Amino acid sequence: MSNPPPFTIRPAAEADFAPIAEIYGEAVAHGTASFELTVPTREDLIGRWQALIAQGYPYLVLEADGRLRGYAYAGPYRARPAYRFVVENSIYLDGAARGRGYGRALLAELISICGRTGYRQMVAVIGDSDNRASIRLHEQSGFRMVGTLKDMGWKHERWLDTVYMQLPLGNGGATPPDPACVPGRQMSITKTA
């Protein structure tokens, strides 16, 4: 695969949420990656973003050709404290931006940030086992398949599976976490390629 066209990855800002809402709204209304059934408002998405960044999770956007082309973030895998070293990732791209390497760039940056901030596992919870592009992206980024839950969501008049993939970060589960490490410390990031 060739390198993607020039782009910049940076932390999301409130001003980014008109295009983020458009990208995610399309995914909710017409896709199967998200199991949401009602398109959330821009304000709903801003509230979700604020909650994640307040906890120190990364929330990134990718700009290319003068437009926001996609976004990615990590959030808690589960709420119980024993899961505090595990994150779940989400990536969404503008339809015209797919297949250009932007998803791979966003995921690579998200993996790098989460690994540097003390997380030990990243989980991808992929809606729809027919979502071959997302499964392939995660495989190519080092994730391994850990299971498929059959017929978990009813959307667009059909049952959808949920696919679980996992990537160890840093030492993964090979060593105990560093007691001084506080996962989720926000790190500054701006990447240009």
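Springs between Cα atoms under 10 Å define the GNM used for the chain, and in it the highest mean-square fluctuation of A12, A72, A133 occurs at A133. When all alpha-carbon pairs of region 37-193 are counted, what percent fall beyond 24 Å? In whole percent, the long-distance tail amounts to 37. Relative contact order, whole percent, for region 67-193 stands at 25, derived from Cα pairs under 8 Å and 6 or more residues apart.
Each helix, a run of at least 4 DSSP H residues, gives -39500 (n - 2.57); summed and divided by the residues of the chain, these come to -8500 deg cm²/dmol at 222 nm. Within the chain, DSSP assigns beta bridges of which about 90% are antiparallel (rounded to the nearest 5).
Residue by residue, region 65-76 carries 3J(HN,Hα) couplings of 6, x, 9, 6, 9, x, 8, 8, 8, 10, x, x Hz when phi is fed to the Karplus relation 6.51 cos²θ - 1.76 cosθ + 1.60 (θ = phi - 60°); x denotes Gly or Pro. Applied to region 6-16, the Karplus parametrisation 6.51 cos²θ - 1.76 cosθ + 1.60 on θ = phi - 60° returns per-residue 3J(HN,Hα) values of x, 8, 10, 10, 8, x, 5, 10, 4, 5, 7 Hz, with x for Gly and Pro. Site pair S112 and E43 shows an inter-label distance of 3.7 nm when each label is modelled 7 Å from Cα along Cα→Cβ.
Each of V125, V61 was scored by other Cβ atoms within 10 Å of its Cβ. Arranged with the fewest first, they read V125, V61. With neighbour counts taken as other beta-carbon atoms within 10 Å, the residues M165, M122, M145 rank, fewest first, as M145, M165, M122. When R104, R132, R120 are sorted by how many other C-beta atoms sit within 10 angstrom of their C-beta, beginning with the fewest, the order is R132, R104, R120. Magnitude of the charge dipole for region 66-137, about its Cα centre and with charges confined to Cβ atoms of Lys, Arg (+1) and Asp, Glu (-1), is about 160 debye.
Of the residues F143, A13, N171, the one whose Cα sits farthest towards the positive end of the charge dipole of region 8-181 is N171 (charges of +1 on Lys and Arg Cβ, -1 on Asp and Glu Cβ, taken about the Cα centre).
Bear in mind that the values in this text are calculations on the coordinates, not laboratory data. Since this is a predicted model, take the numbers as computed values, not measurements. FYI the Cβ positions are ideal-geometry reconstructions off the backbone, even for glycines, and counts take in every protein chain you see.
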